[in-house]
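One structure below.
The values are calculated or read from the model by the stated rules, or taken from the named source; none is laboratory data. Here the structure is a predicted model, which is why all the values come from computation and not from measurement. We place every Cβ from the backbone using ideal geometry, glycine too, and count neighbours over all the protein chains shown. With ligands, DNA and RNA removed, areas are computed over all heavy atoms of the protein, side chains included. Shrake-Rupley method; radii C 1.70, N 1.55, O 1.52, S 1.80 Å.
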Amino acid sequence: MLSLSAVGAAIFFSSFISGIFNMAGGMVLLGVLLVYFDVATGMVLFSILQITANGWRALHWRSFVLWPIFYWYVAGAVLAFAVMRAIAYVPDKAVVYILLGLMPFAVEVLPESMRPNIEWRGVPFITGIFTTVIQFLAGVGGLFLDIFFNKSRLDRKTTNATKAITQTFSHVIRAAYFGSLAGVGDLKFVEWGPGIVLALVGAIAAPFVLERMTDHGFRQWTRAIIFTIAVIYLIRGGLLLWQGG
């Protein structure tokens with residue numbers, strides 16, 4: 001019961017902060033799930049829960065979605081799925097934690113001038129390819145996806161809506177990828193059924209906070225949360241490597 005309570009709290013909290021920042025929540029949730037599940041099972045459960053939360057956000061903000069970006073993103077993601085499925089790679093836990101922790105810092109050191117704009121022609125297609133590959137390797141691709149939105153002139157609602165619909169599709173193909181490689185393990189309804197409800201409740205509560213935030217506050221809080229979580233995961237991944245060694 002203690003473990004289920006911890007997972008339940010992580011589901012609600014991650015869905016809530018994802019609903020505000022459209023990132024960071026996935027890092028929290030996947031990190032907690034990997035404590036209790038193997039990588040493939042954790043990825044499938046994570047995808048199911050994230051489909052619920054992101055799907056609701058996409059529905060809520062649907063009038064702000066930039067559909068051409070989404071369509072080209074899907075085309076790139078499907079191509080990446082086909083290639084990665086042929087390779088059939090499943091990372092271990094230490095690799096996932098370390099990649100999750102390194103990703104924000106890798107994004108940070110990339111010069112501003114080298115960061116492409118999601119509104120540029122052809123960029124959504126490229127984004128779909130590389131974000132999907134990273135999601136299969138590290139579990140979470142939202143931070144990498146954000147690189148392509150940072151240089152755009154889109155407001156926080158349009159950014160949130162468009163990222164929500166693209167990430168919903170990404171969670172679907174990640175579930176298909178790991179589910180086809182390793183099945184769903186011993187997942188039971190008691191684990192994913194209530195989790196869907198908690199993810200939905202967290203997502204529904206988030207817009208009340210987002211509506212009251214400024215674009216400046218939105219960016220400040222996003223950075224603070226992401227880098228705090230990244231440091232924790234680097235430590236966790238390092239410990240797993242040390243124990244394995």
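Can you name the residue in the range 101-130 that is at pLDDT 80 or above and among the small types (Gly, Ala, Ser) and, of all such residues, is most open to solvent (accessible area, probe 1.4 Å)?
Looking at residues that are at pLDDT 80 or above and among the small types (Gly, Ala, Ser), I get 122.
Go through the range 224-233 and report how many residues are surrounded by 18 or more Cβ atoms within 10 Å (Cβ to Cβ) and modelled with pLDDT of 80 or more.
2
Which one of these is farther than 15 Å from residue 167 by Cα, in contact with a Ser or Thr (Cβ under 7 Å, 6 or more places away or on another chain) and either assigned to a helix (DSSP H, G or I) or open to solvent by less than 10 Å² (accessible area, probe 1.4 Å) (or both): 28, 7, 32?
28
Filter the range 184-207 down to the residues that are open to solvent by 50 Å² or more (accessible area, probe 1.4 Å), modelled with pLDDT under 75 and either on the phi < 0 side of the Ramachandran plot or in contact with a strand residue (DSSP E or B) (Cβ under 6 Å, 6 or more places away or on another chain) (or both) and list them by number.
Listed by number, the residues that qualify are 184, 186, 188, 189, 190, 192.
Name the residues in the range 131-183 that are free of Cβ contacts under 8 Å to residues at least 60 places away in the same chain, touching a Gly at 6+ places or on another chain (Cβ under 7 Å) and surrounded by fewer than 24 Cβ atoms within 10 Å (Cβ to Cβ), would you?
Within the range 131-183, just 134 meets the criteria.
When you go through 82, 88 one by one, which is the residue that is closer than 28 Å to residue 236 by Cβ and of a type in the set (Gly, Ala, Ser)?
Answer to the check: 88.
Can you go through 152, 170 and tell me which one is within 16 Å of residue 27 (Cα to Cα), among the hydroxyl-bearing types (Ser, Thr, Tyr) and at pLDDT 75 or above?
Of the residues listed, the single one that is within 16 Å of residue 27 (Cα to Cα), among the hydroxyl-bearing types (Ser, Thr, Tyr) and at pLDDT 75 or above is 170.
Mind checking which pairs have a first residue in the range 105-119 that is closer than 27 Å to residue 233 by Cα and a second that is in a loop (DSSP other than H, G, I, E, B) and open to solvent by 30 Å² or more (accessible area, probe 1.4 Å), Cβ under 6 Å, 6 or more apart or different chains?
115/151
Give 40, 58 a once-over and let me know the one that is in contact with a Ser or Thr (Cβ under 7 Å, 6 or more places away or on another chain) and in a helix (DSSP H, G or I).
None of the other options fit; the residue is 58.
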